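Working notes for the structure below.
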Amino acid sequence: MDSPIYKLVTAQKEGKPVGICSICSANRFVIEACMIYAKKHNLPVLIEATSNQVNQFGGYTGMTPAGFVSYVHEIAARVGLPFERVILGGDHLGPNAWQNEPAEVAMAKARDMVRDYVAAGFVKIHLDASMRCADDPGDKNTPLKDETVAARAADLCSVAEKAYAENPTCSHEPLYVIGTEVPIPGGAQEAEDSLQVTKTGDAERTIQITRAAFYAKDLQSAWKRVIALVVQPGVEYGDDTVFDYNHDKAKELSAFIEKDRQLVYEAHSTDYQTTKGLQELVKDHFAILKVGPWYTFAFREAVFALEQMEIEWLTGHEGVTLSNLRNTIDEVMLENATYWKKYYHGDRRYLAYARKYSYSDRSRYYWVQPDIQASLERLISNLTHFPAPLALLNQYLPIQYNAVRTGEIKNNPLDLIYHFINEQVTKVYAEACGLR
């Protein structure tokens, strides 16, 4: 197996503290920025789509798995990154998007989705059937039985294996990730305001039961390509809080997987962790670090800074219509509260703050809306035709100001956005993963 991810797992098992950042975003500016960084530093780039984001019905992005692959391929071509350096992954592939339907119906749709992901060229496949369907027996607030979850994961793996065998264009055999980071019933926070780290016994049981389910369906060969287990290492974020990684609380979990000759851990929701925390995660064998909202949060920070410069520089300029981006975003979010209403809580003042600045970054779902797209395009056009003076750049984007002064980037809005995203997020993960 010559996949960069498989090589990463091998290196981890040889005692090398290396990892990879899994970019969970369909935002084109984020993907472009990450590819620019990968091209500059000769690195692979792992991009993942989730089951509710991309599926056979379009998901909330409107893209099928094949459509997402084409979308990423076009960006790579535009950036000039060889596509063989791009690794595509599918996250939480299972009945997640159809939990309100009977299990038979939901699993049938999940099978079709997994087949489409593999046929489209996705290599890293996270099999997650942990979510309850409408007619699953028992209390809806309790987890499904481990045996049920494992059997459904093995069922989906069979579909993936068949899809790979039937598609000669697939260049790499699927690599599988199992498990889930779903918090314990009743909430994820302990009394001391930290998260419950997965117990070693639970991790061991997940591996054993899932292996047995794979073997029961004659998937021994596929089991050899299970590379990672998703667990909860004690990291998460809320509107304005971050639960930082604590090595001491996860040391037993770390020691357990160190003895396993095949698997590493995959950590979800690692957004906003410190460089030190991310480095410790990698050292403790959480080799795959998933990040999503931090990327779009950084993108939003960059464009908000650009709009401030636009206001300072171009207000009253003859023939220039300002973008009015912030107000447009808020107007669209108020008109359609689907993606934020049940996540943000507080009075009117706090909700206005959260829509802009929450770590959860629910505004990321709205960038594809036509009115917001038009405002963003106007902002980029305005500052392309009338570049902000260096003094304003120094005021609002000081790191990018220095990069412009040294000739590293040009004073145009796209370069400024890409550089900001990579300085804030991509560089942090690259250093933590031992890739620089």
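What follows draws every value from the coordinates through simple rules; no lab data is involved. What you are looking at is a predicted structure, and each value in this text was computed from that prediction instead of being measured. Glycine gets a Cβ as well: all are built from the backbone with ideal geometry, and neighbour counts include every protein chain shown.
Net charge of the neighbourhood of residue 333, taken over other residues with C-beta under 10 Å away and scored Lys/Arg +1, Asp/Glu -1, is +1. Between the amide H of residue 237 and those of 243, distances stay under 5 Å, these residues lying 5 or more places away or on another chain, with hydrogens modeled in the peptide plane.
Taking other Cβ atoms within 10 Å as a rough exposure proxy, 178, 209, 23 sort from fewest to most as 209, 23, 178. Taking packing as the residue-averaged number of other Cβ atoms within 10 angstrom, the listed peptides 112-121, 275-284, 214-223 run from highest to lowest as 112-121, 275-284, 214-223.
When restricted to Cα atoms, segment 297-417 yields an Rg and a Dmax of 15.4, 46 Å, respectively. The residue list 406, 352, 323 was ranked by how far each Cα lies along the charge dipole of segment 297-417 toward its positive end, using unit charges on Cβ atoms, and 352 comes out on top.
As a length-normalised measure over Cα pairs under 8 Å and 6 or more apart, the relative contact order of segment 4-292 settles at 18 percent. Within segment 51-141, the proportion of Cα pairs with more than 23 Å between them is 29 percent.
Charges were assigned to the Cβ only: +1 to each Lys and Arg, -1 to each Asp and Glu. The resulting dipole of segment 31-183 about its Cα centre is roughly 520 debye. For a straight C-alpha distance cut-off of 19 angstrom, the lysines reachable from residue 341 (same-chain residues fewer than eight places away being disregarded) are 356.
Note that segment 59-76 has calculated 3J(HN,Hα) couplings of x, 7, 8, x, 10, 7, x, 5, x, 5, 4, 4, 4, 5, 4, 5, 5, 4 Hz, one per residue in order, obtained from phi through the Karplus relation 6.51 cos²θ - 1.76 cosθ + 1.60 (θ = phi - 60°); glycine and proline are x.
Mean residue ellipticity at 222 nm, helices only, the chain: -15000 deg cm²/dmol; runs of at least 4 DSSP H residues each add -39,500 (n - 2.57), and the sum is divided by the number of residues. Give the distance, in whole Å, between the Cα centre of segment 369-436 and the Cα centre of segment 1-69. Here the answer is 22 Å between Cα centres. Taking +1 at the Cβ of each Lys and Arg and -1 at the Cβ of each Asp and Glu, which of 365, 395, 305 sits farthest along the dipole of segment 297-417 towards its positive end, judged by Cα position relative to the Cα centre? The one lying farthest along the dipole's positive direction is 365. Seen from residue 101, the other residues with C-beta closer than 10 Å to its C-beta sum to a net charge of -1, counting Lys and Arg as +1 and Asp and Glu as -1.
In percent, rounded to a whole number, the relative contact order of segment 297-417 is 33, using alpha-carbon pairs under 8 Å and six or more apart.
Within a straight-line Cα-Cα reach of under 26 Å, residue 217 can be paired with the following lysines, leaving aside sequence neighbours fewer than 8 residues apart in one chain: 109, 124, 145, 162.
Given +1 on the Cβ of Lys and Arg, -1 on the Cβ of Asp and Glu, and no further charges, what dipole in debye does the chain carry about its Cα centre, rounded to the nearest 20? Here the chain has a charge dipole of around 740 debye.
Nearest 20 debye, what's the magnitude of the dipole of segment 358-432 about its Cα centre given +1 on Lys and Arg Cβ and -1 on Asp and Glu Cβ? Here the size comes out at about 80 debye. One quarter of the surface of the convex hull around the alpha-carbon atoms of the chain equals 21.6 nm², the direction-averaged projected area.
The mean sequence separation of alpha-carbon pairs under 8 Å and at least six residues apart, normalised by the residue count of segment 347-436, gives a relative contact order of 16 percent. Taking the DSSP beta bridges with both ends in the chain, the antiparallel portion is around 10 percent. By definition, a body whose alpha carbon gyration tensor gives a ≥ b ≥ c is oblate when a/c is 1.5 or more and a/b is not larger than b/c, and segment 352-436 fits this oblate description.
When peptides 391-403, 133-145 are sorted by average Cβ neighbour count within 10 Å, with the highest value leading, the order is 391-403, 133-145.
Of the residues 385, 339, 18, the one whose Cα sits farthest toward the positive end of the charge dipole of the chain, with +1 on the Cβ of Lys and Arg and -1 on the Cβ of Asp and Glu, is 18.
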